[in-house]
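Notes to accompany the following structure.
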Amino acid sequence: MKAGLIRPAVEPKAPKAPAIADWKAQPWSAGGSAAIILKDANDTETLKQVDRLLKDLASDPKNGIAAILDRRAVAELGGAPNVAFWVDLKPGFAIGSAPAGALTRDVPVRGTHGYAPTHQEMRASFFITGPGIPKGKALGEIDIRSVGPTLAKGLGISLPAADLKPLF
């Protein structure tokens, strides 16, 4: 809010109503990262202001920023086209959703999501067994989007809108 990109509401209209009266840019937080969205995607002045702000924040290691991706880099990774920037944090850091207060704070270690797929330490294991599952087959690295179709096939359920096919 210090940067003037978000104007808070004086009094929200309802107990759980957004506390934002207006905005030029705001983060959509996802745990280990945040998409930065511009209200007006063609607002070049706000784009420049956000770029400077993010670079300044990334220059302080206390903020835990691993990378800042611009619109082109986000698109290359298959991200949303309305994202102006993507702020990727280092493991051990998480983006909160509080609109005001300290930029960083100590938090207990816990699981979270939203980190960029470039973090090797975020990789997980996948084990499956049961009827129709090949025994001892090493799948190697898999795309998480193939887990749903694989489980659905084992349950005899069709997922026609799935992005990927079952693993076997």
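The values are calculated or read from the model by the stated rules, or taken from the named source; none is laboratory data. Please read all numbers here as calculations on a predicted model, not as lab measurements. FYI the Cβ positions are ideal-geometry reconstructions off the backbone, even for glycines, and counts take in every protein chain you see. Remember, those area values only see protein heavy atoms, side chains included, never the ligands or the DNA or RNA. Shrake-Rupley method; radii C 1.70, N 1.55, O 1.52, S 1.80 Å.
So what's the back-of-envelope 222 nm ellipticity for the chain, counting only DSSP H runs of four-plus at -39500 (n - 2.57) apiece and dividing by all residues, rounded to 500? Estimated from H runs of four or more residues: -5000 deg cm²/dmol.
At full extension, THR118 and SER59 could sit 19.2 nm farther apart than now, given 0.36 nm per residue minus the alpha carbon distance. Set the Cα radius of gyration of the chain against 2.2 N^0.38 Å, with N its number of residues, and you get 1.31. Within the straight-line cut-off of under 28 Å between alpha carbons, the lysines reachable from LYS62 are LYS2, LYS24, LYS48, LYS90, sequence neighbours fewer than 8 places apart in one chain being disregarded. Normalised by the number of residues in the chain, the mean separation of alpha-carbon contacts (under 8 Å, six or more apart) gives a relative contact order of 18 percent. Of ALA75, ALA67, ALA58, the residue with the greatest mean-square motion in the GNM of the chain, using alpha carbon springs below 10 Å, is ALA75. Tally Lys and Arg at +1 and Asp and Glu at -1 over the other residues with C-beta under 13 Å from the C-beta of LYS165: what net charge comes out? Summing Lys/Arg as +1 and Asp/Glu as -1 gives 0. Solvent-accessible area per residue in the chain equals 73 Å², computed with a 1.4 angstrom probe and all protein chains kept.
When a/c is below 1.5 the answer is rounded, else prolate if a/b is larger than b/c, else oblate, so apply that to region 1-93 with a ≥ b ≥ c taken from the square roots of the Cα gyration tensor eigenvalues. Prolate. The angle between the Cα long axis of helix 44-58 and the main principal axis of the chain comes to about 70°, on a 0 to 90 degree scale. The residue list THR129, ILE65, ALA75 was ranked by how far each Cα lies along the charge dipole of the chain toward its positive end, using unit charges on Cβ atoms, and THR129 comes out on top.
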